[in-house]
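*Asks:* Sharing a structure with you now.
The values are calculated or read from the model by the stated rules, or taken from the named source; none is laboratory data. Source: prediction; values computed, not measured. All Cβ positions, even for glycine, are placed from backbone atoms using ideal geometry, and neighbour counts span all protein chains on display.
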């Protein structure tokens, strides 16, 4: 894999409040009012059932930022990344989370998930399926004939449990990118189990970076070792 071509395409943060939490429409309306002072929303939906979605959509590119509020999860997503950096997204998220904790009465988040999605060129190959199947998995082409069908995509999954020194879990997918088979698609979902409160809100940004670094360092180095 050509590590120098790695590019982020999506960042997602999911935070779980205590299971008993439910939001009121009036609380979400106040949250919108407070956060709209510093965030340029282009659309919003606030429902009677205590759920909401605040959106920032770039009209000139597919780039979109979404903040979704539900009782079981708050999801903060930056997709089709173009101009906004991970640093900028993380800073915006911290502001949203702090205001949400205040306006929605959230004392802490009991679980966190961070999802980083990237793609990169396969090394010296026009087809990432070939790189994954032959270089990484050492599967000869004739072994695929048993499927009796053409192969549209190929991939691997690695799950890394928590350890004594790393109390987080990583679930990594390495696949040929269905949109463009010249590229490898990488997805890392990190689960972190240390509760988030206002005092350690900066851990959200740090955990997002840790999840991303596992792709850019560990997974990237692993795949680069199969370049031939």
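*Asks:* Quick one: is residue 75 closer than 30 Å to residue 227 by Cβ and either at pLDDT 95 or above or surrounded by fewer than 16 Cβ atoms within 10 Å (Cβ to Cβ) (or both)? I'd like the intermediate steps shown before the answer.
*Replies:* Working: closer than 30 Å to residue 227 by Cβ: no; either at pLDDT 95 or above or surrounded by fewer than 16 Cβ atoms within 10 Å (Cβ to Cβ) (or both): yes.
Answer is no for this residue.
*Asks:* I'd like to verify a number: residues in the stretch 183-208 that are loosely packed, with under 15 Cβ neighbours inside 10 Å and touching a strand residue (DSSP E or B) at 6+ places or on another chain (Cβ under 9 Å), how many? Lay out the reasoning, then the answer.
*Replies:* Within the stretch 183-208, the first condition is being loosely packed, with under 15 Cβ neighbours inside 10 Å, and the residues that meet it are 193-194, 197-200, 202, 206.
Filter once more, keeping what is touching a strand residue (DSSP E or B) at 6+ places or on another chain (Cβ under 9 Å): 193-194, 197.
Here the count works out to 3.
*Asks:* Just one of the numbered conditions (1) assigned to a loop (DSSP other than H, G, I, E, B); (2) under 24 Å from residue 113 (Cβ atoms) is not true of residue 149; which one?
*Replies:* Here residue 149 meets the rest and fails (2).
*Asks:* Six or more apart or on different chains, Cβ under 9 Å: which pairs go from a residue in the stretch 127-143 that's assigned by TED's automatic domain parsing to the domain that holds residue 219 and in contact (Cβ under 8 Å) with a residue 60 or more places away in the chain to one that's surrounded by fewer than 19 Cβ atoms within 10 Å (Cβ to Cβ) and part of a helix (DSSP H, G or I)? Could you list them?
*Replies:* Taking only residues 6 or more apart or on different chains, the pairs are 136/222.
*Asks:* Just to be sure, is residue 4 farther than 17 Å from residue 202 by Cα, outside any loop (DSSP other than H, G, I, E, B) and modelled with pLDDT under 95?
*Replies:* Yes; evaluated as a whole, the condition is true for this residue.
*Asks:* Turning to a different aspect of this structure: Within the set of pairs 6+ apart or on separate chains, which have a first residue in the stretch 1-28 that is within 30 Å of residue 135 (Cα to Cα), a second that is assigned to a loop (DSSP other than H, G, I, E, B), and C-beta atoms under 6 Å apart?
*Replies:* 1/123; 2/123; 8/81; 9/81
*Asks:* Out of all the residues in the stretch 51-100, which are touching a helix residue (DSSP H, G or I) at 6+ places or on another chain (Cβ under 9 Å), more than 18 Å from residue 16 (Cα to Cα) and part of a loop (DSSP other than H, G, I, E, B)?
*Replies:* 81, 84
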